[in-house]
1. Could you list all residues from the range 436-453 that are open to solvent by less than 50 Å² (accessible area, probe 1.4 Å) and assigned to a loop (DSSP other than H, G, I, E, B)?
2. When residues of the range 123-139 are filtered for being at pLDDT 90 or above and open to solvent by 70 Å² or more (accessible area, probe 1.4 Å), how many remain?
3. Among the listed residues V753, V768, identify the single one that is in a strand (DSSP E or B) and at pLDDT below 80.
4. For the range 601-633, enumerate the residues that are over 14 Å from P651 (Cβ atoms), out of contact with any strand residue (DSSP E or B) (no Cβ under 8 Å at 6 or more places or on another chain) and assigned to a loop (DSSP other than H, G, I, E, B).
5. Taking S365 as meeting all but one of (1) touching a Leu at 6+ places or on another chain (Cβ under 8 Å); (2) buried (at least 23 other Cβ atoms within 10 Å of the Cβ), write down the number of the exception.
6. Here is a list: A690, A670, A620, A707. Which entry is hydrophobic (A, V, I, L, M, F, W, C) and either in the same structural domain as R550 (by TED's automatic domain parsing) or at pLDDT below 65 (or both)?
7. In this structure, is T540 open to solvent by 20 Å² or more (accessible area, probe 1.4 Å), outside the structural domain of R333 (by TED's automatic domain parsing) and not acidic (D, E)?
8. Taking only the range 496-521 into account, find how many residues are part of a loop (DSSP other than H, G, I, E, B) and of a type in the set (A, V, I, L, M, F, W, C).
Amino acid sequence: MTGAEPATGTSAETRRARRGTTRDVDSYGDWLRGRTDEELAALVRARPELITPVPADLGALAARAATPPAVSRALDGLDRAALAVLESVIVLPSPTITALKKALGPRVAESVDNLLALGLVWPGTRRSYQVAPGIRAALREPAGLGPPARDAFAVLPLDRLVVLAEDLGLSTAFANASGLAEAVAARLADPADLVADAGPEARTALERLAWGPPSGRIENARRPVTLATAASPIDRLLARGLLVATDDRTVTLPREVGLYLRGGVLFRENVLTEPSAAGPERPQGLTDQIASGQVFTALRLMEELLEGWGLEPPSVLRSGGLAVRDLRAAAARLDVAEQDVALLAEVAYAAGLLARDVGWTPTRSYDLWLLRGAAERWADLANAWLDTDRVPGLAGGKDDRDKTINALADESVRAHAPRVRREVLEALPDEVAASEESLMERLTWRRPRRTGGLYSRMASWTLREAAFLGLTGFGAKASYTGPFLRGEDVTGGLGALLPAPVDHVLLQADLTAVAPGPLVPELARELALAADVESTGGATVYRFTPASVRRAMDAGRTISELLDLLTRHSATPVPQPLAYLVEDVGRKHGRLRVGTALSYVRCDDPAVLDEILADRRASALRLYRLAPTVLASRLSRQDLLESLRSVGFSPVPESAEGGLVVTRTDAHRAETPARPPIDHEQVVDADIAAAAVRALRAGEEAAAVGAPDGDPPRTPSMATIERLRSAIGSRVWIGYLDQQGQATSRIVEPVRVDGGYLTAYDRTKASVQRFTLHRITGVRDV
């Protein structure tokens with residue numbers, strides 16, 4: 001089967017009957033013209049690049065299908081079975097369906113049908129298949145075999161061909177280079193005696209090239225060699241035509257010799273059967289339990305990352321990315337790998353939750369996202385990851401200029417990333433934790449021309465990222481992953497697996513709070529402000545410290561508000577040590593006021609200022625008294641704040657008007673940028689395909705119909721206008737002068753004639769067009 005299997009609109013029995021009774025056609029273009037409208041529609045839907053834009057006729061469609069970009073794109077979508085059939089059609093002397101079944105196996109018919117539907121092969125003479133134009137040039141070494149002997153020896157000069165022919169006992173009388181190449185090729189059709197004469201060492205050298213690649217490197221490959229002068233094994237092979245020197249340093253094994261060495265077998269392994277992705281079995285329930293737990297973890301980490309960046313947005317590099325130091329700082333704060341932070345940042349950016357502003361800042365959409373249910377929030381992230389063309393795994397690597405690729409930089413964009421992610425996830429088996437090696441074997445079979453290099457690295461990153469986001473668990477695919485890939489709504493099924501958000505915690509006497517599950521967003525935000533996360537897992541443990549309580553009060557919370565929050569959301573009474581901690585920090589908080597002198601400290605209680613001046617740790621602050629309740633310092637206000645806090649005091653910043661400067665946790669928000677939807681794969685629906693086929697057929701009619709001399713019709717002006725008016729609702733052929741004054745033919749269906757214009761449906765272009773009346777040279781019935 002192929003990756004882009006078209007829907008032909010005909011049954012398998014019909015296709016088999018048509019395949020067995022197809023009449024002989026002389027060219028690829030004629031074969032396309034003989035296809036039904038349904039078959040042509042299936043072709044352009046499977047290969048949309050062929051109608052971008054719509055060609056003038058089917059001959060132009062055949063020419064476009066033979067261009068290298070169109071051929072390469074079609075070949076990239078083939079699986080190993082279809083590609084093997086295509087290579088066999090090139091190699092076999094008479095590739096009938098019977099010969100293909102004998103060479104590859106009885107299941108070859110399915111691949112042949114798909115190749116016919118894709119227009120990559122067509123039935124030529126004597127029921128023998130031929131490859132479409134451009135295929136041979138794209139597959140230069142089909143089945144790992146070298147070129148035919150006739151083509152390989154055609155590059156040799158005449159004098160070298162004469163010597164080779166004489167050594168092989170062939171006649172050289174009245175022979176030219178082409179004739180001698182044909183004669184040598186005919187001699188190599190059965191090279192058994194030549195291989196035996198060359199010796200066992202020479203045969204060993206041939207065996208190394210037999211299964212591909214069919215070329216090898218040696219020095220001075222085109223040196224003159226004869227049977228009499230051949231000393232080394234390579235020389236003996238060159239003298240017998242078993243190898244041919246294609247340039248000064250390359251020797252190539254002719255196709256006929258390679259087939260003989262393989263015993264007539266085209267492929268060493270069974271290429272028609274897809275390999276299985278092997279691994280230990282995993283119960284679906286266990287997989288879903290682990291995957292859904294990771295969903296909860298990914299959501300929590302995303303919230304922690306963006307909450308932190310909302311307070312202190314990391315700077316945007318001049319190149320547009322995230323600095324390595326900020327990536328490392330976030331990784332240390334979240335206690336995850338740097339690669340995981342890069343993934344979270346890229347997904348947040350793709351989902352519209354993060355944007356460039358004063359720095360990398362959460363957007364207003366992030367606040368709305370927090371209000372949604374856990375399953376809906378995960379679906380937003382998973383869809384953004386699946387569809388984004390950004391590759392988080394490239395962060396920290398090197399580009400082509402050996403420069404580091406930063407997370408969120410434009411260098412991480414790869415247009416084929418969404419396709420790779422889908423192919424990897426779709427290759428995962430159900431209830432099996434497939435090993436990465438076996439999965440790569442399956443992917444290589446499904447897309448043999450794409451795998452390797454960056455594709456393999458991206459496949460490995462996809463597996464890691466899917467596990468991090470909760471699409472897989474314990475190495476196996478979650479039950480909701482398949483429906484998710486098909487675009488179905490999985491929030492209901494996933495929501496049943498996720499723990500319900502809780503609105504309470506368990507306060508303990510050791511100044512900790514245990515959240516028995518995911519917290520509702522409002523409580524999670526308030527608790528993260530007043531306490532530090534100590535451990536995560538099935539339950540999250542928060543620890544209250546003087547610094548964390550002071551952080552909440554810096555954000556404007558009061559003693560009564562904090563105690564009321566804890567009372568309302570605790571399943572147990574507020575422990576006395578925790579109440580004492582809040583009250584103690586609250587009594588000290590704000591008694592000191594720091595302003596700008598460079599800076600000053602103000603307190604209504606002179607005894608507190610006496611305590612500061614008497615503290616040895618405050619000597620570095622260089623404080624001096626201006627009044628009983630005011631101290632001045634040469635430090636900046638922020639430095640003085642941090643220094644006083646480091647020695648155990650709880651000052652707050654004061655504005656120029658004497659009011660408190662309150663730090664808000666949501667101070668930084670960026671506008672959500674408008675991003676156009678990413679359309680990675682061109683899709684042609686049934687209506688567009690049908691319209692394209694109508695236009696192609698109309699182009700064929702326009703090219704075929706006309707006067708014997710082929711000129712566009714010419715009629716008097718008034719007769720032309722009258723005829724066009726009477727032809728409304730029918731179809732006519734008109735001649736029309738283009739911008740360069742060249743006469744062209746159009747087949748149109750007139751709709752209206754007024755204001756000096758003809759409005760008509762142009763069947764040549766499959767659209768409604770306006771034609772200037774004075775440029776219409778004439779009209780004739782079709």
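The values are calculated or read from the model by the stated rules, or taken from the named source; none is laboratory data. Note that the structure is predicted; figures quoted are calculated from it, not measured. Here the Cβ positions follow ideal geometry from the backbone for every residue, glycine too, while neighbour counts run over all protein chains shown. The accessibility values were calculated without ligands, DNA or RNA, using every heavy atom of the protein model including side chains. Shrake-Rupley method; radii C 1.70, N 1.55, O 1.52, S 1.80 Å.
1. R447, P448, T451, G452
2. Qualifying residue count, the range 123-139: 2.
3. V768
4. P628, the sole residue that qualifies.
5. For S365, the exception is condition (2).
6. Of the residues listed, the single one that is hydrophobic (A, V, I, L, M, F, W, C) and either in the same structural domain as R550 (by TED's automatic domain parsing) or at pLDDT below 65 (or both) is A707.
7. Details: open to solvent by 20 Å² or more (accessible area, probe 1.4 Å): no; outside the structural domain of R333 (by TED's automatic domain parsing): yes; not acidic (D, E): yes.
So T540 does not fit the description; no.
8. Total meeting the criteria: 5.
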